[in-house]
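Written out below as structure tokens is the structure these notes cover.
The values are calculated or read from the model by the stated rules, or taken from the named source; none is laboratory data. Predicted, not measured: the structure shown is a model, and the values here were computed from it. Surface areas here come from the heavy atoms of the whole protein model, side chains and all, with no ligands, DNA or RNA. Shrake-Rupley method; radii C 1.70, N 1.55, O 1.52, S 1.80 Å.
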Amino acid sequence: MRVQLDAVFVPLNIAVLTVSDTRTYDNDTSGALLANRSVEVGHRLVARALLKDDLYKIRAQVASWIADEQVQVVLITGGTGFTGRDSTPEAVECLLDKRIDGFGELFRALSILDIGSSTVQSRALAGLSNRTLVCCLPGSTGACRTAWEGILAEQLDARHRPCNFVKHLLPM
């Protein structure tokens, strides 16, 4: 990671949402990975939820966190596939003020090393809404690890240069 030596780490308030029709908190390794990695590096986990794959419930939860001034980052795992019940991108996209197109592009570029051409089926996306970063990731633990290690760890660190997401998430 390229770090500005005189910059200071800024802990962010992170909410993690797992979207799954089958997982419980006991076996939600993807949500746990995102929550644990966030806290390990110094961020604060301010909320964690697990919802069935229901477009309106997902949208309501994410909208609630976007409106909450205490939440600066929403990390969502699951519901990004092609099955009939997968609806996370559709639930979230209309809530975004600005899409971060490079997020999905970079995620797919990174994941090709692990899953080959199957990465074309990834509907990972991210955007900003009300000074909140919202990231939609696939439900596999490997995909969440790829996103954390290849994108999120650096982009959620104010010391990372030449740029990062942090300045977009802080009060003006």
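The residue list I58, I100, I76 contains one member that is under 14 Å from L133 (Cα atoms), open to solvent by less than 10 Å² (accessible area, probe 1.4 Å) and modelled with pLDDT of 95 or more, which is I76. Reported count of residues in segment 13-38, each being within 14 Å of the chain's Cα centre (by Cα) and either open to solvent by 40 Å² or more (accessible area, probe 1.4 Å) or hydrophobic (A, V, I, L, M, F, W, C) (or both), is 11.
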